[in-house]
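Participant: Quick one: the structure is below, questions incoming.
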Amino acid sequence: MDSLALVILLVAVVGLALVATVAGLLVSGRRKPRPLPRTHTDVIATPPTDPDAPPVELSSPPATIEPETEAEPVVVEEPAAPTLERPEGTASRLVRLRQRLAGSQGGLGRGLLALLSRDRIDEDTWESIEDTLLTADVGVVPTQELVERLRTRMRVEGTSAAETRTILREELLTLVGPDMDRRLRVSGEDGKPGVVLVVGVNGAGKTTTVGKISRILVAEERSVVLGAADTFRAAAVEQLATWGERVGVEVVRGPEGTDPASVAFDAVKEGVDREVDTVIVDTAGRLQNKAGLMDELGKVKRVIEKQAPVTEVLLVLDATTGQNGMIQARVFSEVVDVTGIVLTKLDGSAKGGIVVAVQRELGVPVKLVGLGEGADDLAPFDPGAFVDALLG
């Protein structure tokens, strides 16, 4: 009995030993993984830093410091100077304008030639010739004089086609006045500039004429100053400024509504100080009040002559207005001493006889004619070329 208990106890002890051994093997099989090889240096203490420097996050990637580059200097480009136009010379524009004049005014001369070339010229024919001249705005007195001279010469010298044309040309040329002094007085004396005062009603082309005259003078290599004394029309001042910019001519101007005489005075003073050749002054052209117009233009002329004498007073007339133009001419001739006439728009519906009529009315010559809206469509009036254009 005792041996049996001993055997059981021994088996139990062996069993416990086996269980302990198996348990130890299982626990030892669960080893900790090897530590990874060190790829960096552990730093316990942070390196010394500038206390005023901003904090740097350890997780942030290192900042890339780009090398400093010198800034390129900023170049300020100045605005390009406006391109100045080269005005057309007087000789070339005369050739071109003769052709244009012949196309617009040839009807009068051809009509007269047709009537004078009839086999038999009776009283009805002479009445038709008078009507043709009157319709062309030649005027009553000049028409009567021309018809009388034609009657005499046709009766004495013959009636062949060649003779008729020659007689008509000579008499028309006499009527136009080939001996009148048509020179523009644009030069002063004693070192002073020539002063050109330009007058006329609004709408006749006065401001445009001032700009075109400046182009003629620039083409002749003369120095010019423009005075924008039509201060009651802002558009006129701006228009004149544009004309000046196109050919490099200075324009003296003032605020809208400024006293015109003040602007005219400043313009002439500028011309004197700069020793230019010519000063051209644009003026107001209101005809609502004749007395007011007379006072205004008289004042302008007086203040100008404190600086330099006025050498030319040009009256600008719209050739298409006919008898209305003649009324305007009379009004202005009473206000200022007109020395020359500028006829504009002679290439349109205007009738060539206005040249004769206005010269007879004022006793002063037509000096310039405008035959279009182009910048260089203004030329000195040539009586011979005009008559040839009438005859076609």
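Participant: Just for the range 352-375: of the residues that are surrounded by fewer than 20 Cβ atoms within 10 Å (Cβ to Cβ) and in a loop (DSSP other than H, G, I, E, B), which one is nearest to the chain's Cα centre (by Cα)?
Facilitator: Only one residue tops the list, namely 375.
Participant: From 185, 149, grab the single residue that is of a type in the set (D, E, K, R) and touching a strand residue (DSSP E or B) at 6+ places or on another chain (Cβ under 9 Å).
Facilitator: 185
Participant: Answer yes if at least one residue in the range 218-236 is modelled with pLDDT under 90, acidic (Asp, Glu) and more than 19 Å from residue 370 (Cα to Cα), and no otherwise.
Facilitator: Yes - at least one qualifying residue is present in the range 218-236.
Participant: Could you tell me which of the residues 318, 388 is surrounded by fewer than 20 Cβ atoms within 10 Å (Cβ to Cβ) and charged (D, E, K, R)?
Facilitator: Exactly one residue qualifies, and that residue is 388.
Participant: Test residue 311 against the stated conditions and say whether it is over 13 Å from residue 200 (Cβ atoms), crowded, with 16+ Cβ neighbours inside 10 Å and among the hydroxyl-bearing types (Ser, Thr, Tyr).
Facilitator: Here the answer is yes, as residue 311 does meet what is asked.
Participant: Please find, within the range 217-231, the residue that is least open to solvent (accessible area, probe 1.4 Å) out of those that are touching a Pro at 6+ places or on another chain (Cβ under 8 Å) and in contact (Cβ under 8 Å) with a residue 60 or more places away in the chain.
Facilitator: The selected residue is 229.
Participant: Among 218, 276, 210, 198, which is at negative phi, assigned to a loop (DSSP other than H, G, I, E, B) and among the hydrophobic types (A, V, I, L, M, F, W, C)?
Facilitator: Step by step, each of 218, 276, 210, 198 is checked, and only 276 is at negative phi, assigned to a loop (DSSP other than H, G, I, E, B) and among the hydrophobic types (A, V, I, L, M, F, W, C).
Participant: Further question on the same structure: With respect to the numbered conditions (1) part of a strand (DSSP E or B); (2) out of contact with any helix residue (DSSP H, G or I) (no Cβ under 7 Å at 6 or more places or on another chain), which one is the sole condition not fulfilled by residue 227?
Facilitator: Condition not satisfied by residue 227: (2).
Participant: Being free of Cβ contacts under 8 Å to residues at least 12 places away in the same chain, assigned to a helix (DSSP H, G or I) and open to solvent by 30 Å² or more (accessible area, probe 1.4 Å) narrows it down to one of 266, 295, so name that one.
Facilitator: Checking each option against the conditions leaves just 295.
Participant: Looking only at the range 157-188, filter to residues that are charged (D, E, K, R) and at pLDDT below 90; which one of those is surrounded by the fewest Cβ atoms within 10 Å (Cβ to Cβ)?
Facilitator: 157
Participant: List, please: which pairs have Cβ atoms under 9 Å, are six or more places apart or on different chains, and start with a residue in the range 154-174 that is among the polar types (S, T, N, Q) and end with one that is in a helix (DSSP H, G or I) and open to solvent by 80 Å² or more (accessible area, probe 1.4 Å)?
Facilitator: 166/157
Participant: When the residues of the range 140-156 are filtered to those that are over 19 Å from residue 359 (Cα atoms) and open to solvent by less than 90 Å² (accessible area, probe 1.4 Å), which remaining residue is modelled with the lowest pLDDT?
Facilitator: Looking at residues that are over 19 Å from residue 359 (Cα atoms) and open to solvent by less than 90 Å² (accessible area, probe 1.4 Å), I get 154.
Participant: Counting just the residues of the range 240-263 that are surrounded by fewer than 19 Cβ atoms within 10 Å (Cβ to Cβ) and under 22 Å from residue 298 (Cα atoms), which one comes out modelled with the highest pLDDT?
Facilitator: 262
Participant: Quickly run through the range 304-341 and pick out the residues that are assigned to a helix (DSSP H, G or I) and under 29 Å from the mean Cα position of the chain (by Cα).
Facilitator: Of everything in the range 304-341, those that are assigned to a helix (DSSP H, G or I) and under 29 Å from the mean Cα position of the chain (by Cα) turn out to be 304, 319, 320, 321, 325, 328, 329, 332.
Participant: Free of Cβ contacts under 8 Å to residues at least 24 places away in the same chain and either outside any helix (DSSP H, G or I) or open to solvent by 10 Å² or more (accessible area, probe 1.4 Å) (or both): does that describe residue 137?
Facilitator: Judged against the criteria, residue 137 is not a match.
The values are calculated or read from the model by the stated rules, or taken from the named source; none is laboratory data. Computed from a predicted model, the values in this text were never measured in an experiment. With ideal geometry, Cβ positions are generated from the backbone for all residues, glycine too; neighbour counts draw on all protein chains shown. SASA here: full protein model, heavy atoms, side chains in, ligands and nucleic acids out. Shrake-Rupley method; radii C 1.70, N 1.55, O 1.52, S 1.80 Å.
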